[in-house]
There are 4 protein chains.
Amino acid sequence: MTKANFRSDNNTGVCPEILDALIEEAHRKDDSYGRDSQSSQLKKAFSELFEREVEVIPVASGTAANALALRMITPSYGMVLCSDIAHIDAHEAGAPQFFNAGSKLVPLTSSYGKLTHATVESYLAGRDWNSVNCSPPTGISLTQATEVGTTYATSEISNLCDLARTYKLSVHMDGARFANAVTASNKSPANLTWRQGIDVLCFGATKNGAMCAEAIILFRAEPSPKHKLLSKQSGHLLSKMRFLSVQLLAMIRDDLWLKNANAANAMATRLESRLRDCSRVRIEYPVQANEVFFSAPTRAVEKLKRAGHGFHVWSGDDERSVVRAVTSYDTSDADIDAFVSSLSGSSGSVREN
Amino acid sequence: MTKANFRSDNNTGVCPEILDALIEEAHRKDDSYGRDSQSSQLKKAFSELFEREVEVIPVASGTAANALALRMITPSYGMVLCSDIAHIDAHEAGAPQFFNAGSKLVPLTSSYGKLTHATVESYLAGRDWNSVNCSPPTGISLTQATEVGTTYATSEISNLCDLARTYKLSVHMDGARFANAVTASNKSPANLTWRQGIDVLCFGATKNGAMCAEAIILFRAEPSPKHKLLSKQSGHLLSKMRFLSVQLLAMIRDDLWLKNANAANAMATRLESRLRDCSRVRIEYPVQANEVFFSAPTRAVEKLKRAGHGFHVWSGDDERSVVRAVTSYDTSDADIDAFVSSLSGSSGSVREN
Amino acid sequence: MTKANFRSDNNTGVCPEILDALIEEAHRKDDSYGRDSQSSQLKKAFSELFEREVEVIPVASGTAANALALRMITPSYGMVLCSDIAHIDAHEAGAPQFFNAGSKLVPLTSSYGKLTHATVESYLAGRDWNSVNCSPPTGISLTQATEVGTTYATSEISNLCDLARTYKLSVHMDGARFANAVTASNKSPANLTWRQGIDVLCFGATKNGAMCAEAIILFRAEPSPKHKLLSKQSGHLLSKMRFLSVQLLAMIRDDLWLKNANAANAMATRLESRLRDCSRVRIEYPVQANEVFFSAPTRAVEKLKRAGHGFHVWSGDDERSVVRAVTSYDTSDADIDAFVSSLSGSSGSVREN
Amino acid sequence: MTKANFRSDNNTGVCPEILDALIEEAHRKDDSYGRDSQSSQLKKAFSELFEREVEVIPVASGTAANALALRMITPSYGMVLCSDIAHIDAHEAGAPQFFNAGSKLVPLTSSYGKLTHATVESYLAGRDWNSVNCSPPTGISLTQATEVGTTYATSEISNLCDLARTYKLSVHMDGARFANAVTASNKSPANLTWRQGIDVLCFGATKNGAMCAEAIILFRAEPSPKHKLLSKQSGHLLSKMRFLSVQLLAMIRDDLWLKNANAANAMATRLESRLRDCSRVRIEYPVQANEVFFSAPTRAVEKLKRAGHGFHVWSGDDERSVVRAVTSYDTSDADIDAFVSSLSGSSGSVREN
């Protein structure tokens, strides 16, 4: 029987278009450290995608992308505000603090996984930031789509960026699942980022079908050797960098990134819809991208596990558990059928209506 | 006409065996961050290769491998001795210092690219290391094969390691071209490393035909979460780590690493031999691995460049220049013919005898 | 009229005994960097005070003491739990993160300024610490006396240290006002620290009448050059270190530290008692050391300010404000009289009964 | 018999004028972290001294001054050129690298302890600094007076600063013994620093009679909270900062700094002159400030030691040794007499003519 793997979209392989690009490049020889013919196309390709000139720094991991991006836009004596479930704070083992020794992250209460204008404003307004004993706030970090599969509306981004401007903060967007947010929103990449005031975006490709490729997109781009040196100094300037570049180029060519994300999102919607039909199952967050959080009786969840399906238990107790199921570009109807059937068929405790 | 690319072995593509392994893995789904079925084979495979239990940390770049390895074996208040042409000092943009804030590298005069027992001993013996104002020496770093294509003999490694032991220093081996040294020496990997006293080896695969894969091999292995956390914290624990692991596994399967290195070394020998036949050309270093350093009239070197061949001008003036030519697993006879022919055919200033 | 300065005990000058010691030492010449005859007495003097062998590292600031101490007992990939009003988190501008790049501080909800066993246990027990994506907890930091003038009872320290032992965490005590806690508790320094499981104490002297002197006291002392090197590397090994040492020696000679702290505590008790007699004034925290937190009508607090008294407004709105008043070894009855009289005499809104 | 202490000028006590200032301040209460009435005079006082607006950051150690100053003017991916006997490289245990993780120091061959235009230019001109694999040069550091007691002439400073400007480098001056250089040169502080192009000076007071006080003087001063935050973050913003400030103010009041330095320099000249009269003694460096380097038979040097005099053996073998003798503001004729007499009286091997 099909065993669905909803553990994470980073459990995926490599999608055909990107694999083809890698294979083609594998047979070429070219210069190293980004001086090759593929890497030299990145700036133009991403500038077109974002409708303005941008700087592009390709790296192999999302942790590196976020930590480097934060270092590029905030000083070492500063403080970056993020949500209390932000990946940069909860799941990157201190990388932002390692890349920028002395800097701090301040997790603020989130609503549906999102920072709210009210919470950020209340935090910023309620303190005297002139004391030399306190790290001053220097940045805000948003995750789009969020860690619980919700998305920021354009107006929410714009409001937070306005606040940032008032307090002279830079704004970082962790876009490990940016594609999923873009396709869900029907907005242009530009409208979801720099047009609202985002300074730097970590454009994720790995979870969306790449092997290992993320791009730091700097919107406030000045021609500077600094960014490459920071990347090199932290070991993130690959000698055969072109193998990152071709993944990124293939990803945005012919809107592959949106096509893949759209497939993943559609499967999440389908899964949500099927789960809504199950008794004793509750959807925990609005499903706006490719993640479904639902709660169910813990006994049912344990049976799901025994059936061999992959997923995360987000929280829970003996009675009920919250499950995170992440769909991806290659999730199939059969995955969803098998998953829901394991859940609903489980000892009567959950039943598909 | 064939244009040889001898700029660097990091200009190569991906060799067929490794590409096949990547393609196969691309169609699989599996768990992330090294919890997959391929990564779990690394420890066993490399332990067999090195005839003892080792810890293996896969990373995507040589800079990351070296910087993390040094951080793992030396404290932040220490000092690592290396050769005055060591890649870690000259060409990693401060990465070792970035990964281990406060640590220092001390470049010592090299002989044929190698640290010598005499130089290191004289440096260590000539100072009082008990002063609290001086960073104490805590490590030695060797490059094998060296940056000028020479190799350390087993006895040289052993002597330096003995010295290290006397002064309680750890020993790191930068093995970006370890395969080339092993195949040249006809010694076992164990005999070239831990049996002489090496504590950590950066086992290079990228220059030898991988896409992006290096392995930190810890010989003084204790089961420790520390190493993975340091890797994660610096952004080097890839989510789809298995794509590094399959490259490394394919590389050591059926001695592919030695086969590739052997091909590269043979081509270097062939190039050297052809160059020896050219008038006004001098071989600058013993050719013991896959690099050939030769000097020639600068006018001849400029014609080589105009002919479209790739190489590095190491040093030089108006009269003569020193050229570095690096061969690789995919260098062909045609490359060498074309290169030497461009050189010897050049305005009579160089002539193949 | 007398203007009381209750802003902070770091607004004090230098008490006579310590000034005498400095003057005496000022006329001597001696060796530098702690190789002098005064510094060499530190270990013995503090070992006697704490009834066991300790290592003593003198530094000139409390921030340096805390940051170095945390670096000495926790790794760079770890996480230190502290209270949500801990000075190390709120008022040291990221120093702990700067001294130990990559490490994190996690502020937990405090009760009367103290970490509780329940809160810490619930935090530790509720998460899976084996994930390589999460910084593991590696330390706990307590402030004794706390930032709001309360003190940990021996049993509270002991319970938290037991918890730390269970989870293999080190325990740091920020003792900027340790003297005030000791004199208040009537317990020995040993009983308030290592006998309960504290690994390192920052023994404060500056706020208690020194010019600039704090001592890092390592209870798990191994003879190690490491501690001095970390101190030197961060610029905290003063060349004329003996001027720190004589302050520390004078401070513990003839129990000066307890005498000074006792005077400060007595004045806080006196201030508290006088404030309790004022209508519309409320004491906000148990007064257990040398700090009094009280709330009063904001109009009354503004008059206090206009009268020229020094204090901190901790929080507040148009109606009422919370004031922090810190007493010190040199606070006089006149200070308290003047302060209370300014408060109670103010437009009838506060009236001493 | 008098035992001279020529080990270092950091072996001195505190000169009367500075001690008086400390005593006076000890009886005052005032605000902390530089918000006091003394610290607020620093900017004006030093701006007058240097004939232009400057920023002043007081710290307690020379290591802190240098490391913070370098961090303030160079980026973390850069490289600072210094002499091969520079204190920042040889005797600060990696502090510059600790304060600025990733940065490098490059020691260049010195002549009489000084960097020369020729050496620096040859280093800078001989390399391609556009490679992303190499840390680019971003600063030059001069020590004035140097570690061997020589001084840079105004023209030497000016030439090096011109070179720096050409390559867009910042220039740092380690002025632990700046007073000795100024008084020796008969030039104004402005002429020896910013008028030639120095960007930041570490103005030393400790070796010149202070207890513990150095001032970072920023000539390219913009009003910025950054500098105070960097100081705080590294633990160098003392709570009772005014005790540093009064030392610095007393030091420059009525030219005390020049008076003290002049006394020290005169004693060095006197010692040099007496040593020139000794047979078998050779002066090793021009005596231009307060340090005398001389060589003598090793047997004679050992007798000096046994006589109880303090000094450093800089280098040497069984035959001859080089001795460093440092004079200070409080060196007396008796010290010199006793020292020379011990040397010349020693078994006939050295004899005062």
*Might you check whether a residue that is part of a loop (DSSP other than H, G, I, E, B), touching a Ser or Thr at 6+ places or on another chain (Cβ under 7 Å) and free of Cβ contacts under 8 Å to residues at least 40 places away in the same chain occurs anywhere in segment A:211-230?*
no
_Given the options C:S273, C:S239, name the one that is in the same structural domain as C:T146 (by TED's automatic domain parsing) and of a type in the set (S, T, Y)._
C:S239
_Restricting to segment A:293-310, name every residue that is in contact with a Lys or Arg (Cβ under 8 Å, 6 or more places away or on another chain) and on the phi < 0 side of the Ramachandran plot._
A:F293, A:F294, A:S295, A:A296, A:P297, A:T298, A:A300, A:A307, A:H309, A:G310
*Got at least one residue in segment D:188-209 being in contact with a Leu (Cβ under 6 Å, 6 or more places away or on another chain), among the aromatic types (F, W, Y) and assigned to a loop (DSSP other than H, G, I, E, B)?*
no
*When you scan segment B:273-318, how many residues do you find that are at pLDDT 95 or above, within 26 Å of the chain's Cα centre (by Cα) and polar (S, T, N, Q)?*
4
*Which condition number does D:S76 fail, the rest of (1) of a type outside the set (A, V, I, L, M); (2) under 19 Å from B:G94 (Cβ atoms); (3) modelled with pLDDT of 95 or more being met?*
(3)
*Residue list for segment D:286-320, restricted to those being touching a residue at least 12 places away in the same chain (Cβ under 8 Å) and polar (S, T, N, Q)*: D:Q288, D:N290, D:S295, D:T298
*Return a yes/no flag: does segment A:77-89 have any residue that is within 14 Å of chain B (Cβ to nearest Cβ), touching a helix residue (DSSP H, G or I) at 6+ places or on another chain (Cβ under 9 Å) and of a type in the set (S, T, Y).*
no
*Quick one: count up the residues across segment A:101-138 that are under 26 Å from the mean Cα position of the chain (by Cα), farther than 18 Å from A:V171 by Cα and within 8 Å of another protein chain (Cβ to nearest Cβ).*
2
*Test: residue in segment A:261-280 that is out of contact with any Ser or Thr (no Cβ under 9 Å at 6 or more places or on another chain), within 15 Å of A:A179 (Cα to Cα), surrounded by fewer than 24 Cβ atoms within 10 Å (Cβ to Cβ) and touching a residue at least 24 places away in the same chain (Cβ under 8 Å)*: no
*Just give me the residues in segment C:73-91 being within 30 Å of C:K240 (Cβ to Cβ) and buried (at least 24 other Cβ atoms within 10 Å of the Cβ), in sequence order.*
C:I88
*Looking only at segment A:308-316, decide whether some residue is more than 27 Å from A:W257 (Cβ to Cβ), crowded, with 19+ Cβ neighbours inside 10 Å and hydroxyl-bearing (S, T, Y).*
no
*Hey, can you tell me all the residues within segment B:51-72 that are out of contact with any helix residue (DSSP H, G or I) (no Cβ under 7 Å at 6 or more places or on another chain) and either buried (at least 21 other Cβ atoms within 10 Å of the Cβ) or within 12 Å of chain A (Cβ to nearest Cβ) (or both)?*
B:S61, B:A64, B:A65, B:A69
*Does at least one position in segment B:218-232 carry a residue that is farther than 28 Å from B:C15 by Cβ, crowded, with 24+ Cβ neighbours inside 10 Å and of a type outside the set (A, V, I, L, M, F, W, C)?*
yes
*Positions within segment A:212-253 being under 13 Å from A:V59 (Cβ atoms) and of a type in the set (S, T, Y), in sequence order*: A:S231, A:S234, A:S245
*So which pairs qualify, if the first residue must be in segment C:1-17 and in a helix (DSSP H, G or I), the second must be surrounded by fewer than 22 Cβ atoms within 10 Å (Cβ to Cβ) and at pLDDT below 95, the Cβ gap must be under 9 Å, and the two must be at least 6 apart or on different chains?*
none
*Only one of A:A264, A:A300, A:A296, A:A250 is small (G, A, S) and touching a Cys at 6+ places or on another chain (Cβ under 8 Å); which?*
A:A296
*Please verify whether segment A:23-41 includes one or more residues that are under 22 Å from the mean Cα position of the chain (by Cα) and in the same structural domain as A:A205 (by TED's automatic domain parsing).*
no
*Residue list for segment A:124-159, restricted to those being small (G, A, S), modelled with pLDDT of 95 or more and not in a loop (DSSP other than H, G, I, E, B)*: A:G139, A:S141, A:S155, A:S158
*Give the residues of segment D:13-70 that are of a type in the set (D, E) and out of contact with any Pro (no Cβ under 9 Å at 6 or more places or on another chain), sorted by residue number.*
D:E17, D:D20, D:E24, D:E25, D:D30, D:D31, D:D36, D:E48, D:E53
_Subset of segment C:86-123 (residues that are more than 29 Å from D:H236 (Cβ to Cβ) and part of a helix (DSSP H, G or I))_ = C:H117, C:A118, C:T119, C:V120, C:E121, C:S122, C:Y123
*Select from segment D:5-48 the residues that are more than 10 Å from chain C (Cβ to nearest Cβ) and in contact with a strand residue (DSSP E or B) (Cβ under 9 Å, 6 or more places away or on another chain) and write down the one among them that is surrounded by the most Cβ atoms within 10 Å (Cβ to Cβ).*
D:F6
*Just a yes or no: is a residue in segment C:36-52 touching a residue at least 24 places away in the same chain (Cβ under 8 Å), basic (K, R) and closer than 25 Å to C:P189 by Cα?*
yes
*Could you tell me which numbered condition C:E291 fails, if it satisfies all but one of (1) under 30 Å from C:I23 (Cβ atoms); (2) touching a strand residue (DSSP E or B) at 6+ places or on another chain (Cβ under 7 Å)?*
(1)
*Check segment B:143-161 and report whether any residue there is more than 30 Å from B:A266 (Cβ to Cβ) and free of Cβ contacts under 8 Å to residues at least 24 places away in the same chain.*
no
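The values are calculated or read from the model by the stated rules, or taken from the named source; none is laboratory data. All of these numbers come straight from a predicted model, not from anything done at the bench. All Cβ positions, glycine included, derive from the backbone under ideal geometry; neighbour counts span all protein chains shown.
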